[in-house]
Amino acid sequence: MADRSLEGMALPLEVRARLAELELELSEGDITQKGYEKKRSKLIGAYLPQPPRVDQALPPERRAPVTPSSASRYHRRRSSGSRDERYRSDVHTEAVQAALAKHKERKMAVPMPSKRRSLVVQTSMDAYTPPDTSSGSEDEGSVQGDSQGTPTSSQGSINMEHWISQAIHGSTTSTTSSSSTQSGGSGAAHRLADVMAQTHLENHSAPPDVTTYTSEHSIQVERPQGSTTSRTAPKYGNAELMETGDGVPVSSRVSAKIQQLVNTLKRPKRPPLREFFVDDFEELLEVQQPDPNQPKPEGAQMLAMRGEQLGVVTNWPPSLEAALQRWGTISPKAPCLTTMDTNGKPLYILTYGKLWTRSMKVAYNILHKLGTKQEPMVRPGDRVALVFPNNDPAASMVAFYGCLLAEVVPVPIEVPLTRKDAGSQQIGFLLGSCGVTVALTSDACHKGLPKSPTGEIPQFKGWPKLLWFVTESKHLSKPPRDWFPHIKDANNDTAYIEYKTCKDGSVLGVTVTRIALLTHCQALTQACGYTEAETIVNVLDFKKDVGLWHGILTSVMNMMHVISIPYSLMKVNPLSWIQKVCQYKAKVACVKSRDMHWALVAHRDQRDINLSSLRMLIVADGANPWSISSCDAFLNVFQSKGLRQEVICPCASSPEALTVAIRRPTDDSNQPPGRGVLSMHGLTYGVIRVDSEEKLSVLTVQDVGLVMPGAIMCSVKPDGVPQLCRTDEVGELCMCAVATGTSYYGLSGMTKNTFEVFPVTSSGAPVSEYPFVRTGLLGFVGPGGLVFVVGKMDGLMVVSGRRHNADDIVATALAVEPMKFVYRGRIAVFSVTVLHDERIVIVAEQRPDSTEEDSFQWMSRVLQAIDSIHQVGVYCLALVPANTLPKTPLGGIHLSETKQLFLEGSLHPCNVLMCPHTCVTNLPKPRQKQPEIGPASVMVGNLVSGKRIAQASGRDLGQIEDNDQARKFLFLSEVLQWRAQTTPDHVLYTLLNCRGTIANSLTCVQLHKRAEKIAVMLMERGHLQDGDHVALVYPPGIDLIAAFYGCLYAGCVPITVRPPHPQNIATTLPTVKMIVEVSRSACLMTTQLICKLLRSREAAAAVDVRAWPPILDTDDLPKKRPAQIYKPSNPDMLAYLDFSVSTTGMLAGVKMSHAATSAFCRSIKLQCELYPSREVAICLDPYCGLGFVLWCLCSVYSGHQSILIPPAELETNPALWLLAVSQYKVRDTFCSYSVMELCTKGLGSQTESLKARGLDLSRVRTCVVVAEERPRIALTQSFSKLFKDLGLHPRAVSTSFGCRVNLAICLQGTSGPDPTTVYVDMRALRHDRVRLVERGSPHSLPLMESGKILPGVRIIIANPETKGPLGDSHLGEIWVHSAHNASGYFTIYGDESLQSDHFNSRLSFGDTQTIWARTGYLGFLRRTELTDANGERHDALYVVGALDEAMELRGMRYHPIDIETSVIRAHKSVTECAVFTWTNLLVVVVELDGSEQEALDLVPLVTNVVLEEHYLVVGVVVVVDIGVIPINSRGEKQRMHLRDGFLADQLDPIYVAYNM
């Protein structure tokens, strides 16, 4: 008792605060029950009063509620004054506040997402529409929930009797009206408060214990009573919004935010898990272990519950049509249906006589006036659509009965308003599958349908072709005198089909037979005690469900008078139904919780309401957990207006089982309705536990009465075999009765699973020989046969083995300061499957005037509340502008459509918060590196398993006999002089301009002479010594080649440098300057144009122009020849330097000796069979690597003609390269990925016109992409496919592979097998293993061979850490040994010490003598079944990726390109993507091609795809404009530059999302 009276005690604030903390500790499991009780009694011991005597004597319900706490709680409730109240109960709000209280001290340590200004301003107002458009969740499908709180651990075992006595106890509100006298000043407020306190605190026949509310509420208790009642007048509507300004957040530095994020993630929230299931590989996804303390059902097995006998009354009609005939002829003047206009005035009264004659007319016309006499369009048994608006029940009723009389099957559906209504397509599929060809409709509706210009009604998307038939009397012919419909007794023919929308959005048709229809009407008549000529007010949709069953069918059986209130009237006047009940002294009303709720909000000004005529108020959605608060609140307000408690009759129904249960109207006001106060925590395990201790973690449910007359009910386990539940277990309710649906039309498999269920006992024996129907409702049968429903199967989300109800989660979200934030309470909750588990997604419409701060704060609080109350993580929380979610016909949220939009990335949210870190707990364990095994065991292991060491080589240069004249010369400069003498006029180079005409060409002698002049210039004007370095800054062309040989003739060492871009000097010039400085160039040669550019004012702004070395302009050359041409003393001397910036941002220059240069040229000549008679087209940048060698060196060595096409020219003329290849009949061509991409994107739609221009690629033998990366197989394949029609052979396209230590290791030559493609398991690659799989298998990654190994090149695959050789098909670093390896780094701008072994490494065992160069790339060798030109089996080299680029995450090695490929596939608007890591966070940058509104759609999709395919949680998603990701001349992404830009906040992102 002491416990209960705390409320009245004057405890100091700090004691109350400490008590609240204790409560929390207990609920969090930080202290035991015993420890809690001990500390609690110690705290309050001093304040405990002596047992009060007077107090005991008061009637229990008059004690606690008077406290100001409850009054102020009521005030708080009323002041909010908007429509989303009915889903909250105060207990719930308190529970949420309590949950949030503990987060008050520590602010959420998560950075707010940053958003571009344009995006912020835009989303605030553009989608706002005036508030009168349908309120949120007032429909069938939308979801709302009710009170839960922080669940405690299970209460242990409570025996059944104890449970029953606790769970089902009366609500003692009948006498509350009298308490107004004691409530001080404000009677009404307190009276209500007092009821509120009782109905929501579920007193267990003792006053409610309010101490369990946390500090915030306890503090209110201390206020003097006056203060709570004298609050300012409540504000309605938008008045309660934050008065903040423009809602534009200040853009903060990204880096500070990320730092904050990293700190939050330091403590990952993961329960310890033990077991795994193998996802067909050794990356073990963890499996959630069942919690050993989880509650388990302990009751006995339930017994099937029988409803009362269906007592057939003698004058019940033999069929519904017979009833209509009877009333239509005996009492033709009796009113059947009164319809209302939007002013609430009676629009039309349909009498039974009119209903009978008009239905006959409709029946006659359907059967005889459609089609011809010989070929009628509609025959008995055919299906016909009924398309009537919600405000015209009379026409719809006539049509419905017309169909029954004609023995055709009506399918009532919603009116399609546009061609793209949410869900309309699915309705069309239903009509199609039912074979509907005729749609009955009203005149007004027919006029309102969308029309084509010719006046015809278009075919709606997914709909069959329909004949629209207007059923107004004036359009119909009169039936002849002798024609009468054939009225039979009810039989097993189908009477009508009711549509039902499933969780996934598909629409099914539930067939109801004539006998089921009649029996259902009889059962309802008996259960509800309907009598002839009663008046019933119906607010529900008359096309389906409770509205149809009571307002159209059962009413006719009993000759009742239905007052139909259209939804449009309810929107204007929410009180209209109550006014009609008074006006017509109606006995029965059919409503939903929302209608009661709206009436509460609006009833203030009504004086003369009297509801004493009502004997039954049917609450159609009484099965929803949140309907109880509406019922209670409604009763509290209207009890004084004559409403009796026993009149409120919640019922449960489902499309499949029709009415499942309904509370009977009793005359006995002493029998209180049943209540269940159930533990939320228990419910998630499907177990019923009464929660007596912790008030915040409960779900309060009301009974929905008894099983229907003539029916049997049981509950079965929701999944697996339909086994009966125990008495304390929640299951799916199943019903066996005549009055249920019989099938889903045309779907026998689904019908069997739903309509033909045979529940079994634990021993396996069937409960009954008759089949049961699954109702889709989750619940249990409590004591006294009362049925309780706790949720719907459709709203069920199973997360890590625990069941959560979408409605409940909505309720919690709405209880988080709903009025400030959610627009009209419109919240959708659903789950998406990501990585083998369901993840909860919440989408809410935010008010038009909420600021970014509000949004973020609300989102953070919702996450905390749901985490505390439901103990489940939310995966994604998205906010959309007001009124933008897809609606159902009655204005609620169309859930499946919303989910569809979310999954396809077209929801366009204005705010997103993802929390994958907290709720994805089944990621594989981070990989532990195994201790390395020794060399001996590796060798033995390879031998035992039959694996050869992974090594391969190209053809041996020594054994090749060829008449290579150039081999006589050690130096390229000598080869050129020799060619100038022997074939002076042979053209070596042809340069094309953007129009495809020859801009310039060079013969052997011309090149020789220009080189001589440049050599003179270097010696005389430049005063250079032999060995000096010269930077050549030229555009791609002939000048560059001449300058190169000029340097060789003068004995200088050339370095080719890409010139600065005139439009972008600020970023390109510093790189030029850096190369010039790092290469220690003594002089810089260039053209006159670039010379001016280097000295311009823009250049001076970017770099210090005074620091340039002397600049020589080669446009005016001296006229003389050099005295002699320099000849190097030794072939190992330096020939040139090759500088390149790697993708990781390293600038590295490598030294190429004369010997290596000649060997390189010879190797390429042999591989590609190059001779003076050949022509080769080259579309590459000539500044480094193989591109430079092909452009400048090979022609001089082999004598073939090179057709040079500068890649920049393709930007103005994308077809330039291919036209040149075709025109010159070229057999071999080289390009870069950027060129290939330009052709694929730029010429995709032009292949036909190119064919017409005579473009022919059939002569191309090899088209090689020059690259230093893994082959981009998707690009090469789409290029091959695209140009196949123009004669390009798919085998021709291949790639080469080179790197810094060896500029070309592989190159697909003319002879030898075609490049092969293998599929490897991506998950094995992460563990540095190669596992070959079939094409198309999950997690497969296609890899294409990187061309054939060049002659004179040897390759071995070595372990990058231990430097040991690896076996065939093992992933390791590619090491290379060849005569054309570079001889070392000239300088590295970066870390020199790391690079020392790149050029001279030895294996740690095996062949320890050979000196290898390390490429820094991971790859593997695989011996194929193909044979090489020399008859040996062909070894294929597959490059996987650069070691520097690879990311170590969770102990595994990831290649950025794999993640990027997944992300680019995730949404059509993602054009490019780059990923990098930052302090073990994965950052994904995506370029958006679309409106900025789509930016936020990408966040969940990117997160999903990376989780699903790579088992990684994305830390930050950055959405940027096209072109922000930097790409180098080879078409490679510069991820490190991007990373630097991101950290320095230079990307100007559209949106940055920080995943929590």
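The values are calculated or read from the model by the stated rules, or taken from the named source; none is laboratory data. On a predicted model such as this, the values are computed, not experimentally measured, just so you know. All Cβ positions, glycine included, derive from the backbone under ideal geometry; neighbour counts span all protein chains shown. These area figures cover heavy atoms from the full protein model, side chains too; ligands, DNA and RNA do not enter into them. Shrake-Rupley method; radii C 1.70, N 1.55, O 1.52, S 1.80 Å.
Tabulated data for the structure shown
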quantity: Spatial separation of Cα centroids for the range 1126-1197 and the range 986-1035, in angstrom; calculated: 16
quantity: Equivalent ellipsoid dimensions for the range 1073-1202 as semi-axes, Å, which come from the Cα gyration tensor, largest first; calculated: 30, 20, 17
quantity: Calculated FRET efficiency for the pair residue 956/residue 1026, C-beta based, R₀ 51 Å, to 0.05; calculated: 0.90
quantity: Estimated FRET transfer efficiency (residue 1491, residue 747; beta-carbon r; R0 30 Å; 0.05); calculated: 0.15
quantity: Per-residue ³J(HN,Hα) for the range 379-395, Karplus 6.51 cos²θ - 1.76 cosθ + 1.60, θ = phi - 60°, Hz, x for Gly and Pro; calculated: 10, x, x, 6, 9, 9, 7, 10, 10, 10, x, 5, 9, 10, x, 5, 4
quantity: Amide H contacts of residue 384 (H built 1.01 Å from N, under 5 Å, at least 5 apart or other chain); calculated: 409, 411
quantity: Alpha-carbon centroid distance for the pair the range 610-627 / the range 534-577, whole angstrom; calculated: 13
quantity: Zone residues, the range 321-344, relative to residue 532, backbone N less than 11 Å from point 7 Å out along Cα-to-Cβ; calculated: 327, 330-331
quantity: Order of exposure, largest accessible area first, which applies to 1314, 956, 985, 703 with probe 1.4 Å; calculated: 985, 956, 1314, 703
quantity: Heavy atoms of residue 511: accessible area, 1.4 Å probe, square angstrom to 10; calculated: 10
quantity: Per-residue HN-Hα couplings for the range 1515-1522 [Karplus 6.51, -1.76, 1.60; θ = phi - 60°; Hz; x = Gly/Pro]; calculated: x, 9, 10, 10, 9, 10, 6, 4
quantity: Prolate/oblate/rounded call for the range 346-469, Cα gyration tensor, a/c under 1.5 rounded; calculated: oblate
quantity: 3J(HN,Hα) from dihedral phi, the range 1303-1319, Karplus parametrisation 6.51/-1.76/1.60, rounded to Hz, x for glycine, proline; calculated: 5, 8, 9, 10, 6, 5, x, 7, 9, x, x, 5, x, 9, 10, 10, 10
quantity: Candidate lysines - alpha carbon under 19 Å from residue 968, same-chain residues fewer than 8 apart omitted; calculated: 1127, 1165
quantity: Cα-only Debye scattering, the range 1000-1039: base-10 log of I(q)/I(0) at q = 0.26, 0.31 Å⁻¹; calculated: -1.01, -1.08
quantity: Residue 1426 - accessible surface, heavy atoms, 1.4 Å probe, Å² rounded to 10; calculated: 60
quantity: For the range 1176-1242, Kirkwood radius (reciprocal of mean inverse C-alpha pair distance, Å); calculated: 12.1
quantity: For the range 1401-1556, Kirkwood radius (reciprocal of mean inverse C-alpha pair distance, Å); calculated: 17.8
quantity: Estimated distance in nm for a label pair at residue 1310 and residue 1424, the labels positioned 7 Å out from Cα along Cα-to-Cβ; calculated: 2.0
quantity: Surface accessible to a 1.4 Å probe, residue 549 within the full protein complex, Å²; calculated: 0
quantity: Most to least accessible of 615, 594 (protein chains only, probe 1.4 Å); calculated: 615, 594
quantity: Bins of 5 Å, starting at 0 and running to the largest distance - Cα pair percent for the range 509-630; calculated: 2, 11, 21, 24, 20, 13, 7, 2, 1, 0
quantity: Theoretical gain in end-to-end length, residue 906 to residue 610 [0.36 nm per residue, Cα-Cα removed]; calculated: 101.6 nm
quantity: Cα-projected label distance for residue 370 with residue 969, points at 7 Å along beta-carbon direction, nm; calculated: 9.3
quantity: Pair residue 493, residue 1508: separation of 7 Å Cα→Cβ label points (nm); calculated: 4.9
quantity: Gain upon complete extension [residue 429, residue 1247; 0.36 nm per residue less C-alpha separation]; calculated: 290.6 nm
quantity: Within the range 370-394, backbone nitrogen closer than 19 Å to the virtual label 7 Å beyond the Cα of residue 477 toward Cβ; calculated: 370-380
quantity: Estimated FRET transfer efficiency when R0 is 60 angstrom, pair residue 1105-residue 459 (beta carbons, to 0.05); calculated: 0.25
quantity: Nonlocal amide H pairs with residue 740, under 5 Å, H built at 1.01 Å; calculated: none
quantity: Span from the the range 867-897 Cα centroid across to the the range 1472-1544 one, whole angstrom; calculated: 27
quantity: Percent breakdown of C-alpha pair distances by 5 Å bin, ordered from the shortest bin, for the range 737-884; calculated: 2, 8, 14, 15, 14, 12, 11, 10, 7, 5, 2, 1, 0
quantity: Net length gained if the chain between residue 33 and residue 832 were fully extended (0.36 nm per residue, minus Cα distance); calculated: 283.9 nm
quantity: Across 296/925; 474/571; 500/887; 361/474; 447/580, pairs whose alpha-carbon gap is larger than 20 Å; calculated: 296/925; 474/571; 447/580
